[in-house]
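The values are calculated or read from the model by the stated rules, or taken from the named source; none is laboratory data. Computed from a predicted structure; not experimentally measured. Every residue, glycine as well, gets a Cβ built from its backbone with ideal geometry; the counts of neighbours run over all protein chains shown.
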Amino acid sequence: MDKTESTSMIKRKKIFIFDLDGTIYLDGVLFPGAAALFEQLHKMDKDYVFLTNNSSLSSMAYLHKIQGLGIPCSMKNVATSTQAAIAYLKQHHVNDLIYVMGTKSMIEELKEASINVANTYFEGIDGVLIGYDIENSYQKLTDVSRLLTEGKFYLATNPDLVCPVSFGFVPDCGSFALMLENATHRKPRFLGKPQAEIIEMIIDRFEVSKEEVILIGDRLYTDIKCGINAKIDTVLVLSGETTLKDLDASEVKPTLVVKDVNEILKLLVG
């Protein structure tokens, strides 16, 4: 896709869905051009959504974090894998008791959504939900291993193997799932990206067509795959996990590849 085609595609979109870590910021520091990009989107009467698989913070915490970066944002502009988990649990396990291997922030959001939550092992637990638990402990891993061995249903917020940080990467929910698989031979049902349902949730929220939506992210196997599954256009930014070597070796191909979000800003004003 040449520059003219890229510019035309970007300008006709109405809803821009952005991943967070590795896409618009790293360790909470905005990448160059990110703030200006959201200002430009606002000027052009285009909306944006921050879609993250990172379940370590609640949706409200993400709202405050994004607002703290100086970006205009309301709850309508925030979508998370925890929200996807809540929607799934309400549809399929509304009365079940769920053991959650997650942060206090994630558990609080689940409780506020009237999900029956446990964070210690006892008889009567129906299933397990794991997230990106930055407050993890060996006791939690032991509890989950026991429940999975007992055959309880098993869900996970996201398959991300790592989360980007300033010095490189740290293990994410997908790595926890692999560790538990080695212990129990159980694999979870993942609920966030790359599942298409989380994009459908956003499309319904804004009442737009798929042709009017684009997803921007730094990971092929979650962000870009999610857009492909949902049949929307995608932009891969090379500011996070994915390298050009990774892209060349992958069967997952985005609609457009850019260095960072500043290049998207240039296409919008070009």
(request) Scan the stretch 168-193 and report the pairs whose first residue is closer than 15 Å to Thr149 by Cα and whose second residue is of a type in the set (Asp, Glu), with Cβ atoms within less than 7 Å and a gap of 6+ or a chain change. (result) Lys187/Glu181
(message) Please pick out the residue among Lys210, Lys245, Lys266, Lys225 that is basic (Lys, Arg) and within 17 Å of the chain's Cα centre (by Cα).
(response) Lys225
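Yes or no, residue by residue, for (1) assigned by TED's automatic domain parsing to the domain that holds Thr234; (2) assigned to a helix (DSSP H, G or I); (3) of a type in the set (Gly, Ala, Ser):
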| site | (1), (2), (3) |
| --- | --- |
| Ser8 | yes, yes, yes |
| Phe16 | yes, no, no |
| Thr23 | yes, no, no |
| Phe38 | yes, yes, no |
| His42 | yes, yes, no |
| His64 | no, yes, no |
| Cys73 | no, no, no |
(request) Give the stretch 1-59 a look and list any residue that's acidic (Asp, Glu), under 20 Å from the mean Cα position of the chain (by Cα) and at pLDDT 95 or above, or say none. (result) Asp19, Asp47
(request) Name the helices (runs of 4 or more DSSP H) wholly inside the stretch 163-270 in which the number of residues that are within 25 Å of Leu129 (Cα to Cα) is 1 or more. (result) 173-184, 197-206, 225-230
(message) I need the full set of residues from the stretch 229-251 which are among the aliphatic types (A, V, I, L, M) and surrounded by fewer than 21 Cβ atoms within 10 Å (Cβ to Cβ), in order please.
(response) Leu238, Leu244, Leu247, Ala249
